[in-house]
Ligand SMILES: Nc1nc2c(c(=O)[nH]1)N[C@H]1C(S)=C(S)[C@@H](COP(=O)(O)O)O[C@H]1N2
Ligand SMILES: [Mo]
């Protein structure tokens with residue numbers, strides 16, 4: 001069940017570093033069902049399907065979307081077999097710090113926090129900057145609902161997100177000299193956009209660890225690296241926050257990172273994408289096909 005990856009399409013973000021590159025191909029676990037594991041999280045799966053979001057392509061098979069990942073904290077050099085590396089990663093209990101320009105800075109227990117929201121399922125396209133793409137059913141709720149609940153101050157113009165920093169549980173962190181922990185950010189209107197989701201589930205089940213358990217952000221009109229996994233901090237800021245890939249290689253990965261077929265990556269075209277696992281080529285869609293929801297936020301210069 002290896003996923004075929006023609007060499008010329010394999011242009012990983014990690015080439016930002018001087019590390020020597022190698023490809024660590026592994027068999028996808030036959031026992032894919034083991035990967036999600038039990039969850040103590042609140043909320044029920046599957047969430048109610050939101051019929052507004054339909055696809056122009058087949059839903060990616062679950063084995064492919066949960067067996068082909070980017071999660072550098074577990075292995076910066078592999079995309080397959082990451083589930084094997086997550087056994088030490090503890091996802092419960094899980095605390096999220098909401099801080100910065102909000103009414104009250106506070107640590108929330110994730111189980112308690114999730115009880116306040118109604119889960120729904122949405123089919124979204126997902127596009128990695130490396131050109132692989134998938135389409136999956138996420139379970140979660142709009143980030144806007146959480147933002148409204150915590151009451152940002154008028155000075156809050158952006159949100160900075162940070163991933164868990166647990167080198168003992170995340171074996172990839174020691175393998176590459178990156179500016180850990182992973183960090184990302186959104187402008188407040190992007191964070192409030194109805195498309196932006198807090199995600200805790202995939203394929204009607206709790207999110208597998210390799211896909212960002214227990215909680216991640218999904219921003220479907222931006223390149224995949226904006227959809228930060230295993231979030232522990234939401235910091236409301238007045239200024240544009242730095243982002244992990246921009247910090248590593250600023251001329252290739254901007255803050256906005258909106259999917260834009262006409263804007264080539266400095267090292268490869270973005271005009272086409274390849275669907276995993278078939279590697280069928282498709283034209284890349286502007287804003288990944290979510291133009292009607294998001295184009296109004298931009299003046300066309302944000303990449
Ligand atoms: N913390 C963290 N979040 C991350 C990443 C990562 O390495 N670490 N990789 C990003 C990239 S490059 C992509 S394409 C998506 C992949 O999500 P998936 O593995 O669920 O498909 O996660 C994004 N979020
Ligand atoms: Mo990516």
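None of the figures in this text is laboratory data; all of them are computed from the coordinates on show. Computed from a predicted structure; not experimentally measured. Don't worry about glycine lacking a Cβ; one is built from the backbone with ideal geometry, like all the others, and counts go over all protein chains shown.
Of 302, 52, how do they rank once you tally other Cβ atoms within 10 Å and put the fewest first?
Going from least to most buried by this count: 52, 302.
Given the rule -39500 (n - 2.57) for each run of at least 4 DSSP H residues, summed and divided by the residues of the chain, what is its mean residue ellipticity at 222 nm, to the nearest 500 deg cm²/dmol?
It lands at -2000 deg cm²/dmol.
With the contact rule set at Cα under 8 Å and sequence spacing of 6 or more, what percent relative contact order holds for the chain? Display every interim value, and only then the final one.
On the way: 641 pairs, mean separation 63.9, N = 303.
Once normalised by length, the contact order is 21 percent.
May I ask for the equivalent-ellipsoid semi-axes of the chain, computed as the square root of five times each C-alpha gyration tensor eigenvalue and listed largest first in whole Å?
26, 23, 20
If I model a spin label as a point 7 Å beyond the Cα along the Cα-Cβ vector, how far apart are those points for residue 88 and residue 168 in nm?
It works out to 0.9 nm between the two label points.
Can you put 280, 80 in order of Cβ neighbours within 10 angstrom, beginning with the fewest? Could the numbers behind the result be given before it?
Working: 280 12, 80 23.
Fewest to most other Cβ atoms nearby, the residues stand as 280, 80.
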